[in-house]
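Since the structure comes first, as structure tokens, the remarks are kept for the end.
What follows draws every value from the coordinates through simple rules; no lab data is involved. Keep in mind it's a predicted model, so treat the numbers as computed, not measured. All Cβ positions, glycine included, derive from the backbone under ideal geometry; neighbour counts span all protein chains shown.
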Amino acid sequence: MAISTPTCSRCTKNRAVMVRAHSGEAVCKACFLKEIEDKVRRTMSRYKMVDSCDKLTFALSGGKDSTVLVRVIAKVHENLLREQVKKGNTPVAITIDEGIANYRDESLRIARDTCAATGIDQILFSFKQEFGMALDDMIKATSNNTFIERIGSKHAGGQLKNAFKVITKPCSICGVLRRRVLNDIAAGLHATKIATGHNLNDEAETFLINLFKGDINRMGRAASILFEEEAAPFVKKIKPLQDLLQQDVVLYLYHAGGDFQETPCPYAGDNVMRGEAQGILYGLEGGHPGTIFNIKKFMDTVYPLLSKPVSSGQLSTCEKCGAPKSKDLDECMACYYIEAICGKDYTSVMRDFIARHGS
Ligand code: SF4
Ligand code: ZN
């Protein structure tokens with residue numbers, strides 16, 4: 001017996017390409033693409049994310065999320081981006097090549113193609129070129145006995161020695177350096193906003209991780225990104241995809257004809273708790289469709305109550321670069337990594353890079 005394909009419940013004309021598990025709604029390709037673009041437009045408008053006076057930067061890795069981010073914003077805000085260009089604030093995508101073998105090359109190509117397709121300018125920062133070491137080399141260096149002895153004795157009895165295992169994990173080094181490089185390039189370009197590709201699943205996972213760790217400060221920090229202005233030297237982050245399910249991000253690329261990378265980062269398993277939070281969410285969503293939207297609804301209710309600027313009592317300033325650092329550390333983690341692992345001065349590297357690429 002032939003199974004008939006349902007008709008789209010929205011336009012009632014086209015053949016549906018999917019049936020929503022949580023609502024039972026059948027949706028065709030055209031209505032799906034429009035739904036995603038409208039959702040991003042609504043999210044951006046609700047949080048007043050950009051206006052024509054902004055200088056916008058995109059964190060574009062070439063992964064599925066950042067590719068959809070750039071493609072959708074270039075489409076739904078074409079006129080607004082054109083106005084920014086007229087005011088001398090040309091939007092720029094920042095792509096960071098950490099240097100991860102058998103992984104990064106494909107996403108770098110996709111990031112280049114995305115910029116070519118959307119007409120967005122791109123700046124590429126390579127760890128290998130600027131810091132003198134790719135992330136792969138940094139990880140090898142930090143697991144070398146000589147490095148462990150040298151750093152271990154330097155920080156004997158100190159906080160860094162106790163935290164040594166955590167700070168030399170691939171995702172710790174990569175995450176700290178990527179966040180700082182992204183921010184510092186954006187600040188060097190006088191950008192007012194950094195758009196990142198975090199989707200609804202990422203946000204719900206982060207919420208669960210902070211909940212499981214009982215870390216109310218980190219939860220407050222995640223909330224303040226949505227509601228507070230950033231204080232210098234940090235550039236305000238916006239998350240236009242925060243209301244999109246991860247599966248919709250992939251489906252958008254598939255139906256819009258965009259390329260995306262399927263190979264995961266070889267170090268992804270390093271972030272154990274995030275992997276576990278992902279598993280919990282998948283399990284809950286599979287058994288109880290719509291759970292993730294309920295978590296988001298809860299976040300939307302409690303985040304405004306938690307949002308507050310980080311109290312200056314928790315932070316002090318890194319003498320080398322001027323960025324905030326933990327009171328317990330001698331310097332910020334970016335300065336620490338680049339000096340201890342690569343033997344370079346983070347501030348000088350970034351100053352030289354901005355001088356070559358800044359506007
Ligand atoms: Fe970097 Fe870890 Fe993400 Fe890989 S999984 S890109 S190492 S933060
Ligand atoms: Zn520093």
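Quick look at the values:
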quantity	calculated
Ranked by how many other beta carbons lie within 10 Å on average, peptides 275-281, 192-198 from highest	192-198, 275-281
Two-decimal ratio, the range 234-323, of alpha-carbon radius of gyration to 2.2 N^0.38 Å	1.49
Nearest-ten-degree value, helix 346-357 long axis tilted from longest Cα axis of the chain	50
Derived scalar couplings ³J(HN,Hα) [the range 203-211; Karplus, 6.51 cos²θ - 1.76 cosθ + 1.60; whole Hz; x for Gly, Pro]	5, 5, 4, 4, 4, 5, 4, 5, 5
Long-range HN-HN contacts of residue 325 with modeled amide H, under 5 Å	316, 317, 318
Packing-based exposure ordering (other Cβ within 10 Å, fewest first) of 34, 48	48, 34
Residues with amide H under 5 Å from that of residue 121, placed H, sequence gap 5 or more	93
Gaussian network model of the chain, Cα within-10 Å springs - most flexible of 349, 50, 181	349
Backbone HN-Hα couplings from phi across the range 228-234 [Karplus 6.51/-1.76/1.60, Hz, Gly and Pro as x]	10, 6, 7, 9, 3, x, 8
GNM top mover of 316, 23, 52 - the chain, alpha-carbon springs below 10 Å	23
20 Å reach of a label modelled at residue 126, 7 Å along Cα-to-Cβ, counting backbone N of the range 48-72	60-63
FRET E, pair residue 255, residue 85, Förster distance 35 Å, beta-carbon r, rounded to 0.05	0.75
For the range 62-94 and the range 345-359, distance of Cα centres in Å	24
Antiparallel %, DSSP beta bridges [both residues in the chain], to 5	30
Charge dipole (the range 35-314, unit charges on Cβ, about Cα centre) - positive-most of 76, 185, 250	185
Normalised convex hull volume, the chain, alpha-carbon set, Å³ per residue	157
For the range 35-314: relative contact order, % (alpha-carbon pairs under 8 angstrom, 6 or more apart)	25
Most fluctuating residue given options 221, 82, 20, as computed from a GNM of the chain linking Cα atoms under 10 Å	20
Distant-in-sequence amide H partners of residue 238 (H built 1.01 Å from N, under 5 Å)	194, 195, 196
Segments 185-191, 200-206 sorted - mean Cβ within 10 Å per residue, highest first	200-206, 185-191
Residue-span extension gain [residue 227 to residue 282] - 0.36 nm each, minus C-alpha spacing	17.0 nm
Nearest-ten-degree value, helix 64-76 long axis tilted from longest Cα axis of the chain	60
MRE, 222 nm, helices only [DSSP H, n ≥ 4, -39500 (n - 2.57), over the chain, to nearest 500]	-17000 deg cm²/dmol
Vicinal HN-Hα couplings computed from phi for the range 113-118 (Karplus, 6.51 cos²θ - 1.76 cosθ + 1.60; Hz; Gly/Pro x)	5, 5, 5, 5, 6, 9
